[in-house]
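The values are calculated or read from the model by the stated rules, or taken from the named source; none is laboratory data. All values derive from a computational prediction rather than experimental measurement. Neighbour counts are summed over all protein chains in view; Cβ atoms, including those assigned to glycine, are modelled from backbone coordinates with ideal geometry. The area values use the complete protein model at the heavy-atom level, side chains included, leaving out ligands, DNA and RNA. Shrake-Rupley method; radii C 1.70, N 1.55, O 1.52, S 1.80 Å.
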4 protein chains.
Amino acid sequence: MGKFDHLQQEAFQANMQLPQLHLVIFTFGNVSVAGREEGVFAIKPSGVPYAELSPDKMVIVDFDGKTVEGKLRPSSDTKTHAVLYKHWNKVGSIVHTHSTYATAWAQALRDIPIFGTTHADHLTVGIPCAPPMSDKMIKGDYEYETGFQIINCLKSRKYSYEEVEMMLVGNHAPFAWGKTADKAVYNAAVLEEVARMAFLTEQINGKAKRLKKTLIHKHFERKHGPDSYYGQ
Amino acid sequence: MGKFDHLQQEAFQANMQLPQLHLVIFTFGNVSVAGREEGVFAIKPSGVPYAELSPDKMVIVDFDGKTVEGKLRPSSDTKTHAVLYKHWNKVGSIVHTHSTYATAWAQALRDIPIFGTTHADHLTVGIPCAPPMSDKMIKGDYEYETGFQIINCLKSRKYSYEEVEMMLVGNHAPFAWGKTADKAVYNAAVLEEVARMAFLTEQINGKAKRLKKTLIHKHFERKHGPDSYYGQ
Amino acid sequence: MGKFDHLQQEAFQANMQLPQLHLVIFTFGNVSVAGREEGVFAIKPSGVPYAELSPDKMVIVDFDGKTVEGKLRPSSDTKTHAVLYKHWNKVGSIVHTHSTYATAWAQALRDIPIFGTTHADHLTVGIPCAPPMSDKMIKGDYEYETGFQIINCLKSRKYSYEEVEMMLVGNHAPFAWGKTADKAVYNAAVLEEVARMAFLTEQINGKAKRLKKTLIHKHFERKHGPDSYYGQ
Amino acid sequence: MGKFDHLQQEAFQANMQLPQLHLVIFTFGNVSVAGREEGVFAIKPSGVPYAELSPDKMVIVDFDGKTVEGKLRPSSDTKTHAVLYKHWNKVGSIVHTHSTYATAWAQALRDIPIFGTTHADHLTVGIPCAPPMSDKMIKGDYEYETGFQIINCLKSRKYSYEEVEMMLVGNHAPFAWGKTADKAVYNAAVLEEVARMAFLTEQINGKAKRLKKTLIHKHFERKHGPDSYYGQ
């Protein structure tokens, strides 16, 4: 038994949920799970198909992006995960996918408008789409800078990563996170479904309006507020 | 054997149909089944994933929304169900989902137009979309008021709940009901399919017209009229 | 062993293909199979879910729509099938579904344009959409008249039912047929896929043009002509 | 053991992936695998459903399109494959499908714009759509000419078949290829997903812009460049 077995096991199970939830094809995504005490995270190895994954193949990496344990190379997105763990110290798990509808919104460079209570049950604002990165960032340490693009987008909007647990990187694809791996994967799936509903809403009514504030707050509070009681 | 076992069993089976019919992901929906003689209904417990449901976990609630039996908290939508059972005394089962296409119409704040016989086989009018609730209702007893929003929408249109067994709550999602659990779940699935077809119909022909009256009545009567003979 | 066992067996197997090919939900469709020598056809019983079908439940009906054998009532669309068998004496099987994309075109009252070789591999013209029936026909013997609506639509366009084996009934849904049950079901599935592709084609290019004649004829001839050699 | 057994086995397995990846229904597609040393390729037999395929049914054909071994007729698209193998000597496998979204773009006669990094991870340009063939080519040796249409389209755009491994034939459907069967099938699936995302992107933002050059090159280089390190 290695000391990171529990992280590898959790990361393995979380990664295996992505194809089951139809969020990835081939290797178009990855989940990592952090061990805050150990100061590391377990992440999917690079380019390995889901059918060939096993817990022991998960790579252990520290919050500076250095491999601590594992024979395989970690996902090419590892530095993005590392930056987020380093700066957001209450995040326990990060998910990156190229899920179809969320990615289409990212490619369209648009925030996903808040049109209904399905969205409001999870966050009170549109799902932010970070602008494409500057050429300097792209030509620099790209995956590392992607992490900062995410952090800076939330900062510029004055959103907390504890309240907004999902977003889009413009021209790229979605990222989601949470305190646990199950929550982070759940958020990635909710984002995809909300993205799909918002696309259809605009097709059905080109002038569809943002949900009104009272309804946004009612739904969010019943799920997340101090007196939360939500659970369908 | 408890006295509500049959209701719990029926409610369990009906809830399990929702993910099988692709009407819900995670816990985005619930079914309840009423025992008219006992004056109660069995409903999904709050926030429990479908994979972990079992008949004994179904909560027994009276028509005022008070829990009569069960260790778990009932669905957060319980009061909406209670109001409907109390006012509509021939309803035997109620289904609430966030199914994708029906929810998109609800978010677009539009009735679903009656474009074809698939729709007319089930009801003779567009599927009504109740307006978003007033701020007062939202800030009040929200789920309770949602029930009245549904009842009042049908009333204002002069529709009977025995003839129109499905509708949308604006900015929220669909509700469907019926004399039995099977019929209520069937109605929820028909609503989703009709919503999808209507979306596509408008995309294919932006000037698509409402089905003509003779055809609406012919299809509805052959299924529901005194001389009904429908059954594909 | 009854004398119609082979027809019942074939009709059962063909009906069971419809949900597997995602062409129907619940009881939204039916297949019949004709025995030309016996002057009858076997058809799905009325309103029975696919999961409860068995060969012996298929009803035997003559070409005037009268039940010859079977305890259950035949599908409510039986007379439409009967009319087609009576007038089109080389048809061996008929399929009726409410498949999503084909039904949306029918509701939009539009022929499905011929945009590519997937379509041209099967027919050389747009897939015809019969106009909605007259009030007189609707109020009369409705299902019987639906058969004539189909026959008259092909006649008015000078199409042969041996060449055009699929079409839409306006405001209603698709019908397909063929010499064998397998071919009729295949045609119903091809129609749905062609309907879906044509919808997407117009969304991608609002000015998409009809396939040019040389290409239509090349593809159709290689599959159906005297020197046919097609088979991907 | 025959001398072409390994090719037949590979071609069989690759063909069986097409329905699993939802790229074909019925017989709407085919994969071939080349043996460069032997100067032949194994290809799906003509018109045989996927459920009835087996390795020994794969037909062995030379690069002029002549059958070398096999009792069944090779796919009607065999000559297209032969032309490509003859002119592109580093291609090891070719896939042809009528996958829904890619075919819709082909029917719309449009290149698929490069909108995001999912696309850029695989190629640096829009996915080319060859114009419909001339009447002379269509009336001539059609499938043979289809091969030249593909080759000439890439030539006219100055693209290398080693860099652009997927494209559309206008009014027809997609072709993809690669050094191995797995890579060719992968490319066909990526093309379908990229086609779907691009369709949605334009629906969400009618003025969506092409991905900027720095991002295109960054993503492509990290996967394909001399210092490649990609692998999600």
Quiz item: Among A:Gly92, A:Thr78, A:Leu109, whose Cα lies farthest out toward the positive end of the dipole of chain A, if unit charges sit on the beta carbon of Lys, Arg (+1) and Asp, Glu (-1)?
Solution: A:Leu109
Exercise. Putting +1 on Lys and Arg Cβ atoms and -1 on Asp and Glu Cβ atoms, find which of C:Ala184, A:Thr214, C:Ile43 reaches farthest to the positive end of the dipole of the protein assembly as shown.
Key: A:Thr214
Exercise. Normalising by the residue count of chain D, find the relative contact order in percent from Cα pairs under 8 Å and 6+ residues apart.
Key: 21
Quiz item: Which distances in nm, rounded to one decimal and ordered from shortest, link the label point of A:Asn152 to the equivalent label points in the other identical copies, with labels set 7 Å from Cα toward Cβ?
Solution: 4.9, 4.9, 7.0
Quiz item: Peptide A:137-146: average number of partner chain Cβ atoms within 10 Å per residue?
Solution: 2
Quiz prompt | the stretch C:55-113: projected area of the alpha-carbon convex hull, averaged over directions, in nm² | solution = 5.6
Quiz prompt | the stretch D:142-232 - charge dipole about Cα centre, Lys and Arg +1 at Cβ, Asp and Glu -1, debye rounded to 20 | solution = 600
Quiz item: For chain D, which longest stretch is free of loop sites, where a loop site is one of the trypsin sites (Lys or Arg not before Pro) that DSSP puts outside H, G, I, E and B and that has at most 16 other Cβ atoms within 10 Å?
Solution: D:91-156
Quiz item: Which residue of chain C is nearest the rotation axis onto chain B, counting by its Cβ, and what is the distance in whole Å?
Solution: C:Gln203, 5
Quiz item: To the nearest whole number, what is the average tally of beta carbon atoms from other chains within 10 Å of the beta carbons of peptide A:22-32?
Solution: 2
Quiz item: How many Cβ atoms of partner chains, on average, are near each residue of C:168-174 if near means within 10 Å of its Cβ?
Solution: 5
Practice problem: Would you kindly find the accessible area of A:His217, with a 1.4 Å probe and non-protein molecules such as ligands, DNA and RNA excluded, rounding to the nearest 10 Å²? | Solution: 90
Quiz item: Just how far, in whole angstrom, is the stretch D:150-215 from the stretch B:190-219 if you go by their alpha carbon centroids?
Solution: 36
Quiz item: For chain B, what does -39500 (n - 2.57) per DSSP helix run (n ≥ 4), summed and divided by total residues, give at 222 nm, in deg cm²/dmol to the nearest 500?
Solution: -12500 deg cm²/dmol
Self-check item: For B:Met167, net neighbour charge (Lys/Arg +1, Asp/Glu -1) across residues whose Cβ lies under 11 Å away
Solution: -1
Quiz item: GluC sites (Glu not before Pro), restricted to the stretch D:121-168: which are DSSP loop and have at most 14 other Cβ atoms within 10 Å?
Solution: D:Glu162, D:Glu163
Self-check item: Cα pair distances of the stretch C:101-232 binned at 10 Å [whole percent]
Solution: 12, 41, 34, 11, 1
Practice problem: Using DSSP, restrict attention to beta bridges with both residues in the stretch D:5-224 and report what percent are antiparallel, rounded to the nearest 5. | Solution: 90
Quiz prompt | Other copies of B:Asn205: label-to-label distances in nm, shortest first, labels 7 Å along the beta-carbon direction | solution = 2.4, 2.4, 3.5
Exercise. Using the 7 Å Cα-to-Cβ label point, sort the distances from B:Pro49 to its equivalents in the other copies shortest first and give them in nm to one decimal.
Key: 2.6, 2.6, 3.6
Quiz item: About its Cα centre, how strong a charge dipole does chain C have in debye, to the nearest 20, once Lys and Arg get +1 and Asp and Glu get -1 at the Cβ?
Solution: 800
Practice problem: Between beta-carbons, use under 12 Å as the cut-off and find the net charge around C:Leu21, counting Lys and Arg +1, Asp and Glu -1. | Solution: -3
Exercise. Springs between alpha-carbon atoms under 10 Å, Gaussian network over chain A: tell me which of A:Leu18, A:Leu84, A:Leu53 tops the mean-square fluctuations.
Key: A:Leu53
Quiz item: For chain A, which DSSP H helices look membrane-span-like by this rule: Cα extent along the axis of 20 Å or more and mean Kyte-Doolittle of at least -0.5?
Solution: A:181-204
Quiz item: With labels modelled as points extended 7 Å from the Cα through the Cβ direction, what inter-label distance (nm, one decimal) is found for B:Ala51 paired with D:Tyr159?
Solution: 4.1
Exercise. Could you pull out the chymotrypsin sites (Phe, Trp or Tyr not before Pro) across the stretch C:1-87 that fall in loop regions by DSSP (anything but H, G, I, E, B) with no more than 12 other Cβ atoms inside 10 Å?
Key: none
Exercise. Binning at 20 Å from 0, report for the protein assembly as shown what percent of all alpha-carbon pair distances ends up in each bin.
Key: 13, 41, 37, 8, 0
Quiz item: How about the stretch B:175-206: which chymotrypsin sites (Phe, Trp or Tyr not before Pro) there are in a DSSP loop, with at most 12 other Cβ atoms within 10 Å of their Cβ?
Solution: none
Quiz item: Using a basic spin-label model with each label point 7 Å from the Cα along Cα→Cβ, how many nm lie between D:Arg210 and D:Asn89?
Solution: 3.4
Quiz prompt | Two-decimal ratio, chain B, of alpha-carbon radius of gyration to 2.2 N^0.38 Å | solution = 1.00
Practice problem: Compute the relative contact order of the stretch B:1-102 as a whole-number percentage, counting only Cα pairs closer than 8 Å that sit 6 or more residues apart in sequence. | Solution: 30
Quiz prompt | Kirkwood-based shape ratio for the stretch B:49-156, expressed as Rg/Rh from alpha carbons | solution = 1.00
Exercise. For the stretch A:173-232, evaluate the Debye formula with one uniform point scatterer on each Cα (no solvent term) and list log10 I(q)/I(0) at q = 0.13, 0.15, 0.23, 0.29 Å⁻¹, rounded to two decimals.
Key: -0.49, -0.65, -1.12, -1.10
Quiz item: Rounded, prolate or oblate: which fits the stretch B:1-109 when a ≥ b ≥ c are the square roots of the eigenvalues of the alpha-carbon gyration tensor, with rounded for a/c under 1.5 and prolate only if a/b beats b/c?
Solution: oblate
Exercise. Write down Rg/Rh for the stretch C:18-68, rounded to two decimals, with Rg from the C-alpha atoms and Rh from the Kirkwood relation over Cα pairs.
Key: 1.00
Quiz item: Using the Cβ atoms and a cut-off under 12 Å, what net charge is assigned to the surroundings of C:Glu38, where Lys and Arg are +1 and Asp and Glu are -1?
Solution: -2
Quiz item: Alpha carbon centre of the stretch C:49-126 versus the stretch B:65-101: separation in Å?
Solution: 40
Quiz item: Any idea what log10 I(q)/I(0) is at q = 0.17, 0.22, 0.27 Å⁻¹ for the stretch A:141-210, Debye with uniform C-alpha scatterers and no solvent?
Solution: -0.76, -1.06, -1.20
